[in-house]
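Take a look at the structure set out below.
The values are calculated or read from the model by the stated rules, or taken from the named source; none is laboratory data. Since we're looking at a predicted model, the values are computed, not measured. Ideal geometry is used to build each Cβ from the backbone, glycine not excepted, and the neighbour counts take in all protein chains shown. Just the protein is used for accessible areas: all its heavy atoms, side chains included, with ligands, DNA and RNA removed. Shrake-Rupley method; radii C 1.70, N 1.55, O 1.52, S 1.80 Å.
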Amino acid sequence: MTENIPPHAHCLMCGKAVPVGETLCSEECRQKYNAFLKKKKIVWYFFLGLIVAFTVIVFLSNK
Ligand SMILES: [Zn+2]
C-alpha cells in the first residue's frame, strides 16, 4: 500500500508543508528567514575578517 502524497515542499523555518516552488509558508516565516540570513552573513563577514586579521598577524610576525 503506497500513499499518494501530492508533491510539496516544506517551509524552511517551521517545516510546514508548502506548495512546490514556495520555500516559506507565511510572511512571518519570511521575515524570520531574512533575519536568519542577515545574521548568517554577519557571522560570515566576522569569520572572513578573522582570517584576514590572522593572515596579517602571521605575515607581520614573519618579518
Ligand atoms: Zn513557516
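Of the set (1) in a helix (DSSP H, G or I); (2) within 11 Å of the ligand (Cβ to nearest atom); (3) open to solvent by 70 Å² or more (accessible area, probe 1.4 Å), all apply to C29 but (3). The residues of region 6-26 that are within 16 Å of the ligand (Cβ to nearest atom) and either among the polar types (S, T, N, Q) or open to solvent by 90 Å² or more (accessible area, probe 1.4 Å) (or both), listed by number, are H10, L12, K16, V20, T23, S26.
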